[in-house]
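Step one of this worksheet: look at the structure below.
Throughout, read-outs are computed from the coordinates displayed, never taken from laboratory work. Every value quoted in this text rests on a predicted model; they were computed, and no experiment measured them. Backbone-built Cβ (ideal geometry, glycine too); neighbour counts: all protein chains shown.
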Amino acid sequence: MLNQTLEKLSAMRLPVMEQELRRQTELPAMRELSFEERMAMLVDAEWLARQNNKLSRLRKAATLRNPEACLEDVDYAPARKLDRAQIARLSDCSWVKESRNLFITGACGTGKTWLASAFGDAACRQGLKVKNCRMGRLLNDLLAARNEGAWIKLLGELKKPDLLILDDFGLTPLDVIQCRDLLEIADDRYGKAATLITAQLPVSAWHGVFADATLADAVLDRLVHNAYRIEVHGPSKRPGLPPDASAKSP
């Protein structure tokens, strides 16, 4: 009967429960446990394995630039001027579930991308879908998609994640077509999903990045008013950059 049960678990693609049942049969001490206790151990093993597999899939799909980043490892050095209470409040990702936005600004090398990845990891651990995009590459992909007739499809993909991370916004000015593309993304996600943006420029200077003032108003209206903001200070944390590199950033 035991062998038949093990074979059935394997046939039903429940390898973790099969492994746990084998483990229990090999331990004489398990005979002291009730049926309910042993059954709970089988179910817990399968549930934990599925949760871990789901988290692995979410992290892989997120394509975070710093996949090792997590909020537990945030550096709260005084020079960075990070608000522990604010990050603690945002760590449960309720803002993602509420379809609100988050802006992380600061000079070059101060750890904006790392912090964005940490929030992305936190969202993955909440079972939320995350997608990280470098702004320049995304705009190039959108242009290529236009030329290949896949623009609508790409926009549809950008609507799906619970959290979309747009990294390095504002490094170069946006032409009119890029402004329209960003408006499409912002409009599709407004009130439906959260967006996290990192930028060297302060939010007050974002309007000047857009070639068209009307489109700038439309995009920022959909992004700014329901957003939390984190400003990172301090010297550069990036290897190879001089300590005062951040002071030379825009």
Which residues qualify? For Cys108, with a placed amide H closer than 5 Å and at least 5 residues away or on another chain, they are Ser249
Return the distance in nm (one decimal) between the two label points of a simple spin-label model at Ser204 and Leu2, each offset 7 Å from Cα along Cα→Cβ.
-> 7.4
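Suppose the chain between Arg23 and Asp217 were pulled fully straight at 0.36 nm per residue; how much longer would it get relative to their current alpha carbon spacing?
On the way: separation 194, 0.36 × 194 = 69.84 nm, distance 6.24 nm.
Contour length minus Cα-Cα distance gives 63.6 nm.
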Crossing angle, helix 2-11 versus the chain [Cα axis fit, 0-90 degrees, rounded to tens] = 20
Expressed as a whole-number percentage, the relative contact order of the chain with C-alpha contacts under 8 angstrom and at least six residues apart is 25
Compute the distribution of all C-alpha to C-alpha distances in segment 2-60, in bins of 10 Å from 0, and list the percent of pairs in each, rounded to whole numbers.
-> 22, 46, 24, 7, 0
Under a 10 Å cutoff between Cα atoms, tell me which one of Pro15, Pro161, Pro202 has the largest fluctuation in the Gaussian network model of the chain.
-> Pro15
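Helix-only estimate, please: 222 nm mean residue ellipticity of the chain, summing -39500 (n - 2.57) across DSSP H runs of length 4 or more and dividing by its residues, to the nearest 500.
-15500 deg cm²/dmol
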Choice from Gly191, Gly120, Gly156 showing the highest fluctuation, given a GNM over the chain with Cα pairs closer than 10 Å = Gly156
Leu102 long-range amide H proximity, modeled H, under 5 Å | Thr195, Leu196, Ile197, Tyr228
Kindly write out, for segment 57-70 in residue order, the coupling ³J(HN,Hα) from the Karplus curve 6.51 cos²θ - 1.76 cosθ + 1.60 (θ = phi - 60°), rounded to whole Hz, with x marking Gly and Pro.
-> 5, 5, 5, 5, 5, 5, 6, 5, 6, 10, x, 7, 6, 8
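List the GluC sites (Glu not before Pro) within segment 14-119 that fall in a DSSP loop (any state other than H, G, I, E or B) and whose Cβ has at most 13 other Cβ atoms within 10 Å. Show your work: numbers first, answer last.
Working: sites: Glu18, Glu20, Glu26, Glu32, Glu36, Glu37, Glu46, Glu68, Glu72, Glu98; in loops: Glu68, Glu98.
Of the GluC sites (Glu not before Pro), the ones in loops of segment 14-119 whose Cβ has at most 13 other Cβ atoms within 10 Å are Glu68, Glu98.
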Determine ³J(HN,Hα), in whole Hz, for all residues of segment 152-159 in sequence, where each value follows from phi through the Karplus function 6.51 cos²θ - 1.76 cosθ + 1.60 and θ = phi - 60°; x replaces Gly and Pro.
-> 4, 5, 5, 4, x, 5, 6, 7
Read phi for every residue in segment 124-130 and hand back ³J(HN,Hα) as whole Hz from Karplus 6.51 cos²θ - 1.76 cosθ + 1.60, θ = phi - 60°, with x for Gly and Pro.
-> 4, 5, 8, x, 9, 7, 10
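Pull out a ≥ b ≥ c, the square roots of the eigenvalues of the alpha-carbon gyration tensor of segment 6-108, then state rounded if a/c is under 1.5, prolate if not and a/b is larger than b/c, and oblate in the remaining case. Present the calculation step by step, with values, prior to reporting the outcome.
Details: a/c = 3.27, a/b = 2.57, b/c = 1.27.
Since a/c reaches 1.5 and a/b is larger than b/c, the shape of segment 6-108 is classed as prolate.
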Quick one: Cα centre-to-centre distance for segment 177-231 and segment 46-94, in angstrom?
-> 24
Rounded to the nearest 10, the angle in degrees between the Cα long axis of helix 213-223 and the longest principal axis of the Cα atoms of the chain comes to 30
Filtering chymotrypsin sites (Phe, Trp or Tyr not before Pro) in segment 12-83 by DSSP loop and by at most 11 other Cβ atoms within 10 Å leaves Tyr76
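Would you mind computing Rg(Cα) / (2.2 N^0.38 Å) for the chain, counting N as its residues? List each step's numbers first, then the result.
Working: Rg = 23.3 Å, N = 250, 2.2 N^0.38 = 17.9 Å.
The chain yields a ratio of 1.30.
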Between Leu215, Leu90, Leu27, which gets the highest mean-square fluctuation from a Gaussian network model of the chain, Cα cutoff 10 Å?
-> Leu27
